[in-house]
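As structure tokens, the structure follows; a few thoughts come after it.
The values are calculated or read from the model by the stated rules, or taken from the named source; none is laboratory data. Not measured: the values here are computed from a predicted model. Please note: Cβ atoms are built from the backbone with ideal geometry, for glycine as well, and neighbour counts cover all protein chains shown.
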Amino acid sequence: MLLSSFLLTSLLVSAPHPAVSVAPSLRGAVQEAGVADGYHPEFIPADASFVLFLDIARLKTSALGLFWKSQAFEEDREEIRDEIGFDPLDVCSSLTVYSSGDDTDEALAILVASGDAVDGFFALLREKGEFEEVRHREVPLLRSDENYLFVESRGDSRLVLLSEDPDRVLDGLALLRGEGKTLAAEAEGADLRPGMDSFLFACARKLSPAMRDFQPTSRVMRLAQSVRFDLGQREELFVSRLDVLTADEAAARNASDVVRGGLALARLAGGEDIPAEVYDLLGALNVRTEGSHVVLDFRYPIERLIGLVGSLSESDEG
């Protein structure tokens, strides 16, 4: 469906689009100021248990983002442009996803994008009959497939709130309008804020059974109390950091031993089938403990990484 294409491809990644407005009854009152690029802790409740943030504005100006935009997924992006009239990478600036409390299943997504693009897109949805207008708790919402939406206007920006649970949408809307405590006022919310170089950030304060039982990492995840991940670019380096909090130093050492053992087995099992460049990538991964934390750091020259991705793609095509 068009809606799924628009939201999901914002994670992967303009043509002109009509400036047709969403019906005033289906969006918030327009505020003069737009939404600045970057992370917005004021969007997120203080009791958030999971946060994912994609800084699309930063990603698309990074070396990796420029490579991605100019070469990778070009056919997919052309198909998306043909279907919805624009490229989400061009008009979206960020995507925030969070869940609160003990419920890690029902999440709310907040997409920040160009007002003209969103208004034109919803006009297209209306024309194709891909959503219906509903009321929940006396508030007008849009429903498409199993998703509920609300479009909040902020100057020339739009905030698209999306969830399978209409209560999540309205609770998120109330938070945006200053009702409730957010991470912006939470002194102990540092773990739910991305690193300064990150364009992709995720943190789980509570791990769901599915995360703990995911086979490739289950032995480590069963020792974890929380997990934090940052990925970005620092000067000429591609950098990522995975930080796993365990119960104590002994558990951290145990988990780090499991990770090191897994990496060693991967090198042995691959043998001659693993390209030398992949061994080089594995060698750039540093595993260590910091008290009760297990930290996996990866740093690699961005131009070498882009060249490696290109050569591996050529090998697959060959």
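Tallying residues that are in contact with a Leu (Cβ under 6 Å, 6 or more places away or on another chain) and of a type in the set (V, I, T) within region 226-267 yields 1.
Limited to region 240-253, what total is found for residues that are assigned to a helix (DSSP H, G or I) and crowded, with 18+ Cβ neighbours inside 10 Å?
2
Considered as a group, the residues in region 215-239 that are polar (S, T, N, Q), surrounded by fewer than 19 Cβ atoms within 10 Å (Cβ to Cβ) and in a strand (DSSP E or B) include one that is nearest to the chain's Cα centre (by Cα), and that residue is S226. Summed over region 119-139, residues that are surrounded by fewer than 14 Cβ atoms within 10 Å (Cβ to Cβ) and part of a strand (DSSP E or B) total 4.
Every residue, every condition in (1) among the charged types (D, E, K, R); (2) modelled with pLDDT of 75 or more; (3) buried (at least 20 other Cβ atoms within 10 Å of the Cβ), yes or no:
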residue: S62; (1), (2), (3): no, yes, no
residue: A72; (1), (2), (3): no, no, no
residue: R77; (1), (2), (3): yes, no, no
residue: I80; (1), (2), (3): no, yes, yes
residue: Y98; (1), (2), (3): no, yes, yes
residue: D102; (1), (2), (3): yes, no, no
